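The values are calculated or read from the model by the stated rules, or taken from the named source; none is laboratory data. Since the model is a prediction, treat every value here as computed from it, not as a measurement. Note that we place each Cβ from the backbone using ideal geometry, even for glycine, and neighbour counts take in every protein chain shown.
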Amino acid sequence: MINVTPNITIEDWELTEQFVRSSGPGGQNVNKVNTAVELRFEAERSPNLPDPVKRRLKRIAGRKWTSDGALVIFVQDTRSQARNREIAEERLTEMIRKATETPKRRIKTKVSPNQKRKRVDAKKKRGEVKAMRGKVDP
């Protein structure tokens, strides 16, 4: 069981771990030991996540979100299986914490009439400068 926030906990049955061989450097160790971890969190079916949090989590997850509503995190950072598992769980909790934060509503602002007038005046002045360029009549 993972405690994300005081209100949200992830039960063990919602998580599945699969260990695979890691790619990259590591010598003979990389050919023998399954150190990379693929953590799968069934987010869509999770009873502990409220619907708005699920929607934001789906947007945050991006390509990590599968079509059947699961969040897949793949970690092969270290040569230790236990450490990779910890990193995967940390990343999952961090993503869920980000999803719990409600975004601030954007307040529409209006350009003041004075600023509009200043912009148009500057454009006119620049146009006049450019109009003065060119060939001079003798």
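Only residues that are within 30 Å of residue 42 (Cβ to Cβ), β-branched (Val, Ile, Thr) and either free of Cβ contacts under 8 Å to residues at least 24 places away in the same chain or in a helix (DSSP H, G or I) (or both) were counted in segment 86-138, giving 4. If the condition is being among the aromatic types (Phe, Trp, Tyr) and either more than 22 Å from residue 100 (Cα to Cα) or in contact with a helix residue (DSSP H, G or I) (Cβ under 7 Å, 6 or more places away or on another chain) (or both), then segment 5-23 contributes only 19. The single condition among (1) under 18 Å from residue 5 (Cα atoms); (2) surrounded by fewer than 18 Cβ atoms within 10 Å (Cβ to Cβ) that residue 33 does not satisfy is (1). Taking the listed residues 55, 21, 83, the one that is touching a residue at least 12 places away in the same chain (Cβ under 8 Å) and not polar (S, T, N, Q) is 21, with no other qualifying. Is there a residue in segment 52-62 that is at pLDDT below 85, among the small types (Gly, Ala, Ser) and either surrounded by fewer than 18 Cβ atoms within 10 Å (Cβ to Cβ) or in a loop (DSSP other than H, G, I, E, B) (or both)? Within segment 52-62, none of the residues are at pLDDT below 85, among the small types (Gly, Ala, Ser) and either surrounded by fewer than 18 Cβ atoms within 10 Å (Cβ to Cβ) or in a loop (DSSP other than H, G, I, E, B) (or both).
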